[in-house]
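Just below is one structure, and these are the notes that go with it.
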Amino acid sequence: MKQDILLCGVGGQGILSVAYVIDQAAMESGYFLKQPEVHGMSQRGGAVQAHVRVSDVPIASDLISQGEADLLLALEPLEALRYLRFLTPEPGRVFSDITPFANIPDYPDPVSVCEKLWRLPATLLVNGAHLAKKAGSPKAQNMVVLGAASGYLPYPSALLEKHIATLFARKSERLVNVNLNAFRMGRAAGDFCDLLIRSGVSGELAARLIPWLDFQPWPVPEPVAASWLSFFANPRAGEVINRLWSEGVAVALDEEVAGCLLAGKLPGTAAAGSVSSRTHPRFTAKPVINRQ
Amino acid sequence: MNRRILLGDEAVAKGALDAGISGAYAYPGTPSTEIFEYIRSTAAQESLPVHACWSTNEKVAYEQALGMSYAGRRALISFKHVGLNVAADPFISSTISGVHGGLVVVVADDPSMHSSQNEQDSRHYARFAQIICYEPADQQQAYWMTREAFDLSEQLGIPVMLRLVTRLAHSRSIVAVDDPRPQNEASFCPDPSQWTLLPSNARRGFERLLNNQPQYRSFSEKHPANQLLISGQGKPGVIASGIAKGYVQEVFKDRLTEFNLLYLGVYPLPLAKLRELIAASSEIWVFEDGYPLIEQQLTGDGLHDSVTVRGKCSGDLPASGELTPDLVRQAFGIQVRQGLVASGADEVLRSRPPVLCEGCPHADAYLAIREALDEFGEVRIMGDIGCYTLGFYKPYEGLHACICMGASIGMAAGISHAGLRPVLCVIGDSTFTHSGMTPLVDAARENTDMTVVILDNSIVAMTGGQPTMLAGESLSSLLEGLGVAKDHVRVIRPLPRNHEENVRVIKQEISYSGLSVIVARRECVTYYKEIKTAQRSREGGAQ
């Protein structure tokens with residue numbers, strides 16, 4: 001067994017917490033581990049990454065070589081593009097949040113960034129900002145992405161959840177629950193994406209739909225899944241998904257919704273934040289020198 | 001043996017704790033900060049009798065540790081590479097005075113300058129000081145070498161260096177740790193004359209250091225971390241020091257026997273092993289993360305070519321920047337794997353440099369400074385080291401120089417002496433106590449025409465929120481005590497709503513032809529909670 005993961009995002013988004021959970025699970029599973037990370041200046045809103053190398057034999061290099069990572073977990077879509085070259089072309093899997101962290105003045109069009117990602121051979125996109133907020137804290141975006149990727153990690157969910165709980169128990173019981181729920185919503189998204197692809201839905205269409213579904217911290221019920229499979233049988237599916245991207249709303253996961261969408265309605269929706277927003281609420285660029 | 005996940009920095013810290021240190025001394029700086037942080041938090045959690053308080057600067061840290069060593073106890077010093085420049089004075093001379101309790105100085109170098117102003121290689125300092133230097137290859141070795149370094153320091157009576165690089169300092173792995181050794185009892189060594197470096201004593205101490213060199217060399221020669229593996233006559237030789245060992249092993253995996261290998265982890269260089277390697281090998285490749293220190297010694301700085309040496313000087317590896325497994329591949333002409341490519345990614349990719357946080361007090365201070373300077377034509381603002389160095393970037397463009405800790409005030413004085421006025425400089429509260437006070441004494445004595453802005457956010461923010469030495473009222477009193485005229489010590493609160501008033505104050509002080517100090521005081525937004533907790537505990541302590 002060997003698994004190399006590249007984690008990336010923006011300083012302050014919580015990459016080190018994701019790394020902590022995977023590290024602990026790896027040690028408890030009896031694997032060898034090397035995990036370099038970034039401290040210092042870049043933690044002030046710069047591009048940051050961590051490498052997680054896990055193996056059942058000793059690992060020589062702390063660093064992952066270019067083209068050798070199995071998974072890329074990105075807490076921000078532009079950062080996913082930046083570190084893509086580390087992924088194996090075989091193909092490596094990308095798990096990325098779609099929420100732009102626009103703390104630079106020339107941030108590109110966020111949808112065009114996501115588009116580059118969903119065209120890759122194996123991508124899962126999640127709406128971390130929406131799901132984390134629903135779980136109780138926008139800061140839990142990182143756990144949504146970890147949850148989404150967790151089906152591809154060689155550890156049972158219960159083990160990952162145990163270490164999420166340990167990590168946040170230092171802060172509060174509430175944060176433990178918030179982060180566990182964020183993780184479980186991400187897991188529901190990941191499992192649902194796999195189900196769609198196993199059932200013959202194209203990876204690209206599945207990746208484009210997932211960010212706009214209102215996942216719960218439990219698996220998508222079978223009848224709901226079935227209704228979405230018939231949705232994808234309709235040639236208008238792609239067009240409807242485009243509409244979800246432009247409206248920026250998450251649709252509820254119940255049996256009726258897929259059908260309603262095809263009929264041109266947006267039922268039972270929740271505002272999920274438009275990805276076309278150019279500024280991040282927590283981190284706007286400063287105005288030029290004179291405030292007046 | 002107990003296993004745990006530790007950063008390279010933390011493995012060093014745990015090694016020092018388990019070696020029985022009684023004190024840890026440091027000034028924060030990436031990538032070394034987590035060494036001291038681990039010791040401080042572990043000592044607090046486990047109620048260990050280990051003195052662990054941040055020092056004002058690296059020189060002070062070194063001197064405090066030296067004192068503890070003179071008193072027979074073990075002490076650890078840790079800082080980043082440029083910190084050793086600050087501490088170089090006591091460092092070099094302590095190799096002549098010798099030590100009593102084990103004294104280990106851990107220096108974390110930053111190849112590629114991830115968070116630094118240069119990429120100097122501390123192994124040169126160890127060579128210059130003529131002491132033994134460890135360079136661990138991984139986290140486990142970092143733990144054992146630190147423990148061993150204390151025993152060695154005590155046994156040889158000299159300080160011992162342990163050199164880390166960013167990639168090891170900031171990488172986690174599983175480390176097995178052993179039972180701790182008890183701390184030393186405090187005791188003075190019998191002959192205090194060796195500590196008093198009057199020329200007559202210093203000559204004796206230096207002679208002792210020189211006479212001991214063969215002993216240090218023979219220690220390095222026999223050390224298992226300096227491992228020579230000859231596979232066959234005429235094969236290429238590879239020297240890999242410290243973390244480079246893992247990179248060479250990663251690249252060649254089961255093909256390692258195609259080479260004669262020398263792994264290095266202890267300096268001075270083991271000459272007999274090097275001779276044996278050279279005699280057996282067709283050419284010598286050198287992989288070291290940092291300056292080409294081994295490579296230059298092999299070629300006598302390029303003076304002789306009796307052996308073909310390939311590395312940085314030969315152009316087979318980049319002359320600067322950190323070593324990576326991919327660079328080892330490229331040096332041998334092995335194709336680096338092409339990673340996944342998203343078509344059109346280059347069109348949308350943008351660089352994302354670090355920035356001041358939303359709501360940062362420094363941002364408001366810079367906006368006020370820039371507006372106040374508008375009417376004065378071309379002004380160069382001398383800057384310093386901290387988060388506020390990010391004010392170099394747009395939209396602030398609030399500083400035009402940053403050299404080393406505390407340099408801003410002295411440089412501003414020089415510009416004023418040269419007559420290019422008005423002169424302004426910015427320095428953080430912690431950088432000011434680190435090494436900004438002494439140049440301010442000069443400026444106060446001469447009443448140098450310049451305006452010093454102390455950006456007081458009441459914390460050491462860039463390195464992760466360590467407590468500052470002096471902030472608030474005590475900083476103002478200090479300024480007056482240093483000789484700055486009371487009328488020209490001004491305090492402003494950098495907030496958008498105070499902008500116009502702040503601009504007015506700055507303009508007034510710039511117009512004054514003499515020394516002014518403006519303290520722009522507002523708590524860091526990122527570490528606000530930590531600052532308030534520290535303030536409460538200080539107030540509690542005073543009652």
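All of (1) in a loop (DSSP other than H, G, I, E, B); (2) at pLDDT 95 or above hold for residue A:106 with one exception: (2). The listed residues are B:177, B:165, B:99, and the only one of them that is aliphatic (A, V, I, L, M) and farther than 30 Å from residue A:28 by Cα turns out to be B:99. Considering segment A:25-50, the residues that are of a type outside the set (A, V, I, L, M, F, W, C) and more than 7 Å from chain B (Cβ to nearest Cβ) include one that is nearest to residue B:460 (Cα to Cα), namely A:43. Of the residues in segment A:1-22, not one is within 10 Å of chain B (Cβ to nearest Cβ), among the hydroxyl-bearing types (Ser, Thr, Tyr), open to solvent by less than 10 Å² (accessible area, probe 1.4 Å) and not in a strand (DSSP E or B). Of the residues B:60, B:106, B:86, the single one that is open to solvent by less than 20 Å² (accessible area, probe 1.4 Å) and touching a strand residue (DSSP E or B) at 6+ places or on another chain (Cβ under 9 Å) is B:106. Out of everything in segment A:154-198 that is free of Cβ contacts under 8 Å to residues at least 24 places away in the same chain and within 19 Å of residue A:134 (Cα to Cα), what residue ends up being most open to solvent (accessible area, probe 1.4 Å)? Filtering first and then ranking leaves A:173.
When the residues of segment B:277-303 are filtered to those that are of a type in the set (S, T, N, Q) and part of a strand (DSSP E or B), the one that is surrounded by the fewest Cβ atoms within 10 Å (Cβ to Cβ) is B:282. Scanning segment B:26-49 for residues that are away from chain A (no Cβ under 14 Å), open to solvent by 20 Å² or more (accessible area, probe 1.4 Å) and touching a residue at least 40 places away in the same chain (Cβ under 8 Å) yields one hit, B:49. Within segment A:89-101, the set of residues being open to solvent by less than 10 Å² (accessible area, probe 1.4 Å) and either facing chain B (nearest Cβ under 10 Å) or in contact with an Asp or Glu (Cβ under 7 Å, 6 or more places away or on another chain) (or both) comprises A:92, A:94, A:97, A:101. Considered as a group, the residues in segment B:315-326 that are open to solvent by 40 Å² or more (accessible area, probe 1.4 Å) and over 14 Å from residue B:285 (Cβ atoms) include one that is farthest from the other protein chains (Cβ to nearest Cβ), and that residue is B:319. In segment A:222-242, is there at least one residue being surrounded by 15 or more Cβ atoms within 10 Å (Cβ to Cβ) and not in a helix (DSSP H, G or I)? No - not one qualifying residue is present in segment A:222-242. The set of residues in segment A:63-88 being within 7 Å of chain B (Cβ to nearest Cβ) and small (Gly, Ala, Ser) consists of A:65, A:67. Here residue B:11 fits the description: open to solvent by less than 10 Å² (accessible area, probe 1.4 Å) and of a type outside the set (Phe, Trp, Tyr). Listed residues B:392, B:376; which is more than 21 Å from residue B:448 (Cβ to Cβ) and more than 10 Å from chain A (Cβ to nearest Cβ)? Exactly one of B:392, B:376 is more than 21 Å from residue B:448 (Cβ to Cβ) and more than 10 Å from chain A (Cβ to nearest Cβ), namely B:392.
When residues in segment B:169-195 are screened for being more than 25 Å from residue B:48 (Cβ to Cβ), open to solvent by 60 Å² or more (accessible area, probe 1.4 Å) and touching a residue at least 40 places away in the same chain (Cβ under 8 Å), 0 of them pass. Here residue B:151 fits the description: surrounded by fewer than 24 Cβ atoms within 10 Å (Cβ to Cβ), within 29 Å of residue A:58 (Cβ to Cβ) and in contact (Cβ under 8 Å) with a residue 12 or more places away in the chain.
Of everything in segment B:327-366, what is without any contact (Cβ under 8 Å) to a residue 60 or more places away in the chain, within 9 Å of chain A (Cβ to nearest Cβ), surrounded by fewer than 19 Cβ atoms within 10 Å (Cβ to Cβ) and more than 30 Å from residue A:204 (Cα to Cα)? Give them in sequence order. Across segment B:327-366, the qualifying residue is only B:353. Taking (1) closer than 30 Å to residue B:497 by Cα; (2) within 31 Å of the chain's Cα centre (by Cα) in turn, residue B:368 satisfies each apart from (2).
When you scan segment A:67-85, do you find a residue that is surrounded by fewer than 24 Cβ atoms within 10 Å (Cβ to Cβ) and farther than 28 Å from residue B:252 by Cβ, even just one? Yes, some residue in segment A:67-85 is surrounded by fewer than 24 Cβ atoms within 10 Å (Cβ to Cβ) and farther than 28 Å from residue B:252 by Cβ.
Residues of segment A:199-221 that are surrounded by 23 or more Cβ atoms within 10 Å (Cβ to Cβ) and in a loop (DSSP other than H, G, I, E, B): A:215 alone. State yes or no: is residue B:414 at pLDDT 95 or above, under 18 Å from residue B:517 (Cβ atoms) and crowded, with 24+ Cβ neighbours inside 10 Å? For residue B:414, the condition - at pLDDT 95 or above, under 18 Å from residue B:517 (Cβ atoms) and crowded, with 24+ Cβ neighbours inside 10 Å - is not met.
Taking segment A:23-62 as the range and being of a type in the set (Lys, Arg) and crowded, with 24+ Cβ neighbours inside 10 Å as the test, the residues that pass are A:34, A:53.
The values are calculated or read from the model by the stated rules, or taken from the named source; none is laboratory data. All figures in this text were calculated on a predicted structure; none of them were measured in a lab. Note: ideal-geometry Cβ built from the backbone for every residue, glycine included; neighbour counts use all protein chains shown. These area figures cover heavy atoms from the full protein model, side chains too; ligands, DNA and RNA do not enter into them. Shrake-Rupley method; radii C 1.70, N 1.55, O 1.52, S 1.80 Å.
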